[in-house]
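S.K.: Once you've had a glance at the structure underneath, I'll fire off some questions.
The values are calculated or read from the model by the stated rules, or taken from the named source; none is laboratory data. Please read all numbers here as calculations on a predicted model, not as lab measurements. Every residue, glycine among them, receives a Cβ derived from its backbone with ideal geometry; neighbour counts consider all protein chains shown. With ligands, DNA and RNA removed, areas are computed over all heavy atoms of the protein, side chains included. Shrake-Rupley method; radii C 1.70, N 1.55, O 1.52, S 1.80 Å.
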Amino acid sequence: MEKLLLTHASELVTASGRRALRGREMREIGVIPDGAVLIEDGLIAAVGPTERIAPLAGQCETLDCSGRTVLPGFVDSHTHFIFAGHRAEEFSWRLQGESYMSIMERGGGIGATVGPTRAASEEELEREGAKRLASMLRFGVTTAEGKSGYGLDLDTELRQLAVMERLSGSQPVEVVSTFLGAHAVPEEYKGRTDEYVEFMIRQVLPRVKEQGIARFCDVFCEKSVFSVEQSRRLLTAAREMGFALKLHADEMVTLGGASLAAELGAVSADHLLHADERGIRDLAQSGTVATLLPATAFCLREPYADARRMIDSGCAVAVASDYNPGSCYTNSVPLLFALCCLYMHMSVEETITALTLNGAAALGLADRIGSIEPGKQADIAVIDCPSRHYLPYHTGVNLVERVIKKGKIVL
């Protein structure tokens, strides 16, 4: 039996639970002073004060975490990390006052990444994807979702998803794949959005399902992209094929995406910068996780999603990076902590929940990862600071010292 014992954590944050935490529950993160974790064969065997847990371990490798904070590994539940090409010039255009949608309408945005990604080999996509996952790991991320959506055709969408599947088994960060063929309407279908949706339903989704390379189906439900009705049609077909659902919802305008996600039983509704009262109420009354992406609002200079209102209304809120080559070219967890606490009026405890257990719930994995409790996978981040309060206080600085994935020290 392989064993690892973590002892004398200044604070051990358990974030316990096997479902998403809602509303006030998000503050209940379970802090154990002088905490210890016993890991056996990749799973958490015991958690508690060091004086109680250490005698249970017997002879094994021990990691002294004195002066450190021990947290569940972070779960980045919304990323687009498989792509080729970059869009640095678009960032400069936005600095000069152009909007994301105006850039998209003139041929930039998602469409500008499609060409380079279609032209890239699987080897290139895999090599660059591995580098990006290594960067996520350095920030304490142990599980990340990845979306396709930069192919918008059959072959490239399948290649993106196949690359993610290989990467999930070839490096430490666990990857959960999402099919996002409805990310934009490709040039060859311009003016024929309904036909493109039909192409996705009839030709692409069945191949993705046949190959077993995606757990979720997502759609960019947005003005001038995919309407609520088009999104409902695609996601209903995907659900009938056995996919779990996600939704890019109410990002640029209030369109009703949040309510659609709740109606369809989506696992998560993401972005939500412009979710209205009805949408927030529908999410609070559903099992759908509200996944907020503050770094995107920051990079686009848009108002942040109303996290405080959502939490106080009883929503389960997760936070993720939205790492992508256009609207949010960052995967910085310290930036997310700063934005959540300083500008979205979330407490440190709520932010931790949003980036751990609720992030896991946004991937349908809260029963297996996202917290430090017996029986769960031993995915843990050791932070070089004496308390959780340093996460936003040492603003924008990466404090991750060690990362444990499935019971092994991988960083």
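S.K.: From Cα pairs below 8 angstrom and at least 6 apart in sequence, can you work out the relative contact order of the chain, rounded to a whole percent?
M.R.: 23 percent.
S.K.: So, one more: Counting only heavy atoms of the protein chains, get the accessible area per residue of the chain (1.4 Å probe) and round it to a whole Å² value.
M.R.: 37 Å²
S.K.: Dipole of the chain (Lys/Arg Cβ +1, Asp/Glu Cβ -1, origin at the Cα centre): which of HIS274, ASN331, PHE139 lies farthest to the positive side?
M.R.: The residue sitting farthest along the positive end of the dipole is PHE139.
S.K.: Let me see the P(r) profile for segment 263-302: every Cα-Cα distance counted, bins of 10 Å, each bin given as a percent of all pairs.
M.R.: Calculated P(r), rounded to whole percents: 29, 50, 20, 1.
S.K.: Just the accessible area for VAL319, please: 1.4 Å probe, Å², rounded to the nearest 10?
M.R.: Solvent-accessible area, nearest 10 Å²: 0 Å².
S.K.: Starting from the residue with the highest accessible area, list SER231, SER99 in decreasing order, probe 1.4 Å.
M.R.: From most accessible down to least: SER99, SER231.
S.K.: Add +1 for every Lys or Arg and -1 for every Asp or Glu among the other residues with Cβ under 11 Å from the Cβ of THR113, and state the total.
M.R.: +1
S.K.: If you average the C-alpha positions of segment 1-39 and of segment 44-88 separately, how far apart do those two centres end up, in angstrom?
M.R.: 10 Å
S.K.: For LYS209, go through the lysines and keep the ones whose alpha-carbon is under 19 Å away, minus same-chain ones fewer than eight residues off.
M.R.: List returned: LYS147, LYS246.
S.K.: Moving to a separate point now. Can you compute the label reach from GLU188? Point 7 Å from Cα along the Cβ direction, backbone N cut-off under 19 Å, restricted to segment 197-221.
M.R.: Only 197-208 fall inside the zone, counting backbone N under 19 Å.
S.K.: Give the lysines whose C-alpha is closer than 19 Å to that of LYS3, dropping any in the same chain fewer than 8 places away, or say none.
M.R.: LYS376, LYS405, LYS406, LYS408
S.K.: Where the only charges are on Cβ atoms (+1 Lys, Arg; -1 Asp, Glu), what is the dipole of the chain about its Cα centre, to the nearest 20 debye?
M.R.: The calculation lands at about 300 debye.
S.K.: Among residues other than VAL173 whose Cβ falls under 14 Å from its Cβ, what is the net charge (Lys/Arg +1, Asp/Glu -1)?
M.R.: In short, +1.
S.K.: Next question, about the same structure. For a quick check of understanding: with a 1.4 angstrom probe and all protein chains in place, what accessible area in square angstrom does MET101 have, to the nearest ten?
M.R.: Taking all protein chains as shown, MET101 has close to 40 Å².
S.K.: Next up: With the full set of protein chains in place, find how many percent of the accessible area of the chain is carbon and sulfur; take the probe as 1.4 Å.
M.R.: 50 percent
S.K.: Also: Using the Cα centre of the chain as origin and beta-carbon charges of +1 (Lys, Arg) and -1 (Asp, Glu), tell me which of PRO294, LEU399, THR113 is placed farthest towards the positive end of the dipole.
M.R.: Value: LEU399.
S.K.: Still on this structure, I have one more. Rank these residues by their accessible area, most exposed first, probe 1.4 Å: LEU255, LEU152.
M.R.: In descending accessible area the options line up as LEU255, LEU152.
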